[in-house]
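Below is one structure, written out as structure tokens; the observations come after it.
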Amino acid sequence: MCGITGIFSNSPTSPDIMERMLDVIAHRGPDGRSSFQHNDVILGHRRLSIIDLSTGDQPMFNYDKTKAIIYNGEIYNYREIREDLLAQGYKFNTSSDTEVILAAYDTYGPESVNLLNGIFGFCIYDLEKEQLFIARDHFGIKPIHYYYQDGLFLFASEQKAILQHPKVSAALNFKTLHHHFNLRYSPGNDTLFSDIKRLPPGHHLTFDKIAGLQIKKYWQLEPGEPLRESQSAIIEQLQAHLKEAVRRQLVSDVPIGVYLSGGLDSSTIVQKMHELGVDEINTYTLGFNEPTDEFSDAKKIAEHFKTNHHEHNLPSAALKDYRKVVWHAEEPKINLIQGFKMSEYVSQHVKVILGGLGGDELLAGYDIHKFIFPFNKWHDRIPSWMQKVFKWKANFIYSIQNKTRSFSLDEYRRGVQMLLAVGDIERFYLILRNTWDYDNPAYENIYSKPFLNYLRSEKTPPVVSEFEKYFEQAKNKSPLDQVLFTEFHTKMVNDYLLVEDRMSMANSVEERVPFLDRDLVDFGFKIPIELKIRNNQTKFLFRKAMEDVLPPRIISKPKWGFTFNPYLQFKKDLKSEFEDKVTQNYIETQGIFNYKYIRQILDHTPHQRMRWHYNYLWLLLGLHHLEDLYKMDTRFS
């Protein structure tokens with residue numbers, strides 16, 4: 001795992017710029033740094049050594065020195081690809097997966113990306129054509145960002161490297177900010193920095209002076225036709241795919257650990273490692289000093305499989321690290337600190353860690369799936385005229401609750417609005433995810449009048465626009481299938497995977513996600529929805545598949561989120577930290593948000609059902625840190 005960055009300019013570039021770009025992502029690769037310049041192109045690389053420790057330095061060249069590669073990630077099937085290329089007469093100089101990517105590209109061209117099963121973001125530079133080829137993995141596990149203006153093309157694993165170039169402005173993207181505060185993450189390919197974009201998952205790009213920038217999709221996940229086999233046959237296949245996914249991701253020349261929560265996903269990874277005969281399994285558990293800590297369940301699994309187990313408890317004043325994690329994440333988020341502290345702890349023991357992300361998305365494990373499933377048969381039965389009546393009632397209910405200013409009733413109000421959205425699965429889902437785009441008066445609470453007028457005059461696309469194409473692609477599936485498919489392309493990529501990458505790499509730890517193995521994902525989307533949830537029990541088939549090899553407590557355990565309780569955090573240090581940093585003068589000078597509404601939240605009697613309000617404060621505090629850290633101009637005029 002590494003950090004990569006590059007410059008392609010139509011004017012001379014000082015090498016000092018590349019050095020600054022490499023300095024700012026040193027955490028992604030403390031084991032080595034290098035750069036290479038050819039005419040108008042400079043490539044930079046920071047190395048975290050995982051495979052082929054002695055000969056895997058980059059940039060790496062092909063046999064005739066006509067192509068060079070810099071690469072971030074791991075290819076789990078590189079040995080199989082290498083054997084095929086050897087059979088065709090290709091000569092290798094190293095045993096690294098990096099050279100295999102380059103050799104495959106040398107042999108098959110851009111189509112070679114479809115051979116890869118792994119996590120990656122890489123750039124191949126063709127010295128003869130003076131052309132860059134950059135690709136991001138199928139699911140977006142590893143990041144690629146880019147900037148292109150006035151003949152200057154920049155790319156990097158993290159935005160902070162791109163911002164080192166003097167021509168790149170740290171201006172705030174106001175439209176993305178609106179979506180970010182709705183969703184608690186930035187959807188799509190835009191970022192909070194106006195001029196920096198993300199390369200989408202499953203895409204590659206080429207850049208040269210003649211053709212400019214060209215982006216192409218090389219792979220697309222299909223919803224898939226449901227399997228028609230028996231339950232027992234599907235269970236057998238699921239078990240085989242899980243075992244193979246874990247086996248593939250054990251490839252490493254350094255020790256590997258597992259994040260163990262005591263939940264079904266992480267416990268399954270440990271069980272499969274045990275089944276595969278891994279001699280020493282290192283497991284790590286994090287606690288928040290809260291009632292939902294999972295130490296006892298994790299310990300049960302650790303004792304059951306005789307792992308080398310470690311526990312770590314976070315200090316109560318967790319927000320002292322918030323500024324640091326916002327710098328790493330490059331956006332304000334509410335789910336950063338726990339991942340950062342966990343990777344900080346495990347970095348003392350291992351360089352590679354396996355995590356359970358993807359299991360809930362693939363096999364229906366979140367509580368919102370339980371809310372959606374009972375209405376699966378009703379969304380197609382509500383006529384359009386009735387939906388219009390429901391929308392009117394939902395707006396009326398919001399106006400009534402809004403006038404009371406009783407924020408503790410907010411969750412009940414949203415529950416009623418969710419029921420009134422039956423017949424419109426996109427609206428139903430986004431209300432569950434607590435977007436407020438459907439409640440127009442919410443804008444007047446949250447935003448200043450000038451900023452609200454700006455959003456309306458610019459006809460800022462509603463949040464739902466970021467989700468429509470995925471719901472449309474899966475429209476012939478059940479409503480819950482549509483949600484799983486949509487979240488796999490949206491929230492998982494730009495929320496959960498972003499956090500996993502930034503917080504692990506902040507501490508020079510490579511995190512792998514076996515549940516996002518390509519073959520397992522393809523199989524998972526073919527499992528019938530009635531086997532994923534039954535009697536409103538999440539992960540029904542998955543639980544059945546593991547019931548003979550995991551303790552009963554783990555099989556029956558409900559989902560616990562790996563996160564802070566915002567209500568408890570508000571009482572611990574969020575309120576005091578917020579009032580110290582996000583003052584009335586700061587908000588009014590910035591000109592985006594409505595301080596009167598913020599003050600009402602701060603002065604309201606603390607309540608457990610105000611978690612979304614506390615998350616809003618958390619994001620505002622993070623935006624303050626982001627502005628200060630990156631000298632971002634957030635003032636709206």
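Give the residues of segment 422-456 that are more than 30 Å from Lys377 (Cα to Cα) and in a loop (DSSP other than H, G, I, E, B), sorted by residue number.
Across segment 422-456, the qualifying residue is only Ser448.
If the condition is being in contact with an Asp or Glu (Cβ under 7 Å, 6 or more places away or on another chain) and not in a loop (DSSP other than H, G, I, E, B), then segment 146-174 contributes Tyr147, Gln149, Gln159, Lys160, Ala171, Leu172.
Take Leu574 and decide whether it is assigned to a helix (DSSP H, G or I), open to solvent by less than 40 Å² (accessible area, probe 1.4 Å) and touching a residue at least 12 places away in the same chain (Cβ under 8 Å). Show your work before the answer.
On the way: assigned to a helix (DSSP H, G or I): yes; open to solvent by less than 40 Å² (accessible area, probe 1.4 Å): yes; touching a residue at least 12 places away in the same chain (Cβ under 8 Å): yes.
It is true that Leu574 is assigned to a helix (DSSP H, G or I), open to solvent by less than 40 Å² (accessible area, probe 1.4 Å) and touching a residue at least 12 places away in the same chain (Cβ under 8 Å).
Report whether or not Phe36 is under 24 Å from Thr206 (Cα atoms) and surrounded by 22 or more Cβ atoms within 10 Å (Cβ to Cβ). Answer is no for this residue. Considering Gly73, Gly3, Gly89, Gly29, the condition of being touching a residue at least 60 places away in the same chain (Cβ under 8 Å) and on the phi > 0 side of the Ramachandran plot is satisfied by Gly73 alone. Within segment 112-135, the set of residues being touching a helix residue (DSSP H, G or I) at 6+ places or on another chain (Cβ under 9 Å) and not polar (S, T, N, Q) comprises Val113, Leu115, Leu116, Gly118, Ile119, Phe120, Phe122, Ile124, Phe133, Ala135.
Of all residues in segment 435-463, those being open to solvent by less than 20 Å² (accessible area, probe 1.4 Å) and within 30 Å of Gly224 (Cα to Cα) number 2.
Going by the structure shown, is Glu244 out of contact with any His (no Cβ under 9 Å at 6 or more places or on another chain), acidic (Asp, Glu), in contact (Cβ under 8 Å) with a residue 12 or more places away in the chain and surrounded by fewer than 16 Cβ atoms within 10 Å (Cβ to Cβ)? So Glu244 fails the test. Within segment 585-637, the set of residues being outside any helix (DSSP H, G or I) and either within 25 Å of Lys571 (Cα to Cα) or open to solvent by 70 Å² or more (accessible area, probe 1.4 Å) (or both) comprises Phe593, Asn594, His604, Thr605, Pro606, His607, Lys631, Asp633, Arg635, Ser637. Considering only residues that are open to solvent by less than 10 Å² (accessible area, probe 1.4 Å) and of a type in the set (Phe, Trp, Tyr), look in segment 315-365 and name the one that is nearest to the chain's Cα centre (by Cα). Across segment 315-365, the extreme among qualifying residues is Phe340.
For segment 296-324, a residue qualifies if it is under 30 Å from Phe578 (Cα atoms), touching a residue at least 40 places away in the same chain (Cβ under 8 Å) and in a loop (DSSP other than H, G, I, E, B), and the qualifying residues are Ser316, Ala317.
Here Ile17 meets each of (1) farther than 30 Å from Val513 by Cα; (2) β-branched (Val, Ile, Thr); (3) assigned to a strand (DSSP E or B) with one exception, condition (3).
Yes/no matrix, rows are residues, columns are (1) of a type outside the set (Gly, Ala, Ser); (2) farther than 27 Å from Asn335 by Cα:
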site: Glu547; (1), (2): yes, yes
site: Trp560; (1), (2): yes, no
site: Ser576; (1), (2): no, no
site: Tyr597; (1), (2): yes, no
site: Gln600; (1), (2): yes, no
site: Pro606; (1), (2): yes, no
site: His624; (1), (2): yes, no
site: Tyr630; (1), (2): yes, no
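Restricting segment 12-25 to residues that are out of contact with any strand residue (DSSP E or B) (no Cβ under 6 Å at 6 or more places or on another chain) and either open to solvent by less than 30 Å² (accessible area, probe 1.4 Å) or over 12 Å from Lys160 (Cα atoms) (or both) leaves a set whose member that is modelled with the lowest pLDDT is Pro12. In a residue-by-residue description of segment 272-284, the property of being buried (at least 23 other Cβ atoms within 10 Å of the Cβ), outside any helix (DSSP H, G or I) and on the phi > 0 side of the Ramachandran plot applies to no position. In segment 368-420, the qualifying residues are those that are among the small types (Gly, Ala, Ser) and closer than 26 Å to Glu487 by Cα, and the one that is surrounded by the most Cβ atoms within 10 Å (Cβ to Cβ) is Ala394.
When the criteria are applied in full, Gly140 fails the requirement of being of a type outside the set (A, V, I, L, M) and open to solvent by 10 Å² or more (accessible area, probe 1.4 Å).
Restricted to segment 160-182, and to residues there that are without any contact (Cβ under 8 Å) to a residue 24 or more places away in the chain and open to solvent by less than 40 Å² (accessible area, probe 1.4 Å), the residue that is farthest from Lys631 (Cα to Cα) is Thr176. Within segment 464-490, restricting attention to residues that are without any contact (Cβ under 8 Å) to a residue 24 or more places away in the chain and either open to solvent by 80 Å² or more (accessible area, probe 1.4 Å) or touching a Lys or Arg at 6+ places or on another chain (Cβ under 9 Å) (or both), the residue that is nearest to Ile529 (Cα to Cα) is Lys475.
Of the candidates Phe133, Phe92, the single residue that is open to solvent by 20 Å² or more (accessible area, probe 1.4 Å), over 17 Å from Gly3 (Cβ atoms) and of a type in the set (Phe, Trp, Tyr) is Phe92. Evaluate the following for Val41: is it open to solvent by 20 Å² or more (accessible area, probe 1.4 Å), among the aliphatic types (A, V, I, L, M), in contact (Cβ under 8 Å) with a residue 60 or more places away in the chain and within 30 Å of Pro166 (Cβ to Cβ)? In short, no.
The values are calculated or read from the model by the stated rules, or taken from the named source; none is laboratory data. Worth saying up front: this structure is predicted, and the values here are computed from it rather than measured. With ideal geometry, Cβ positions are generated from the backbone for all residues, glycine too; neighbour counts draw on all protein chains shown. Areas reflect the complete protein model, heavy atoms only, side chains present, ligands, DNA and RNA absent. Shrake-Rupley method; radii C 1.70, N 1.55, O 1.52, S 1.80 Å.
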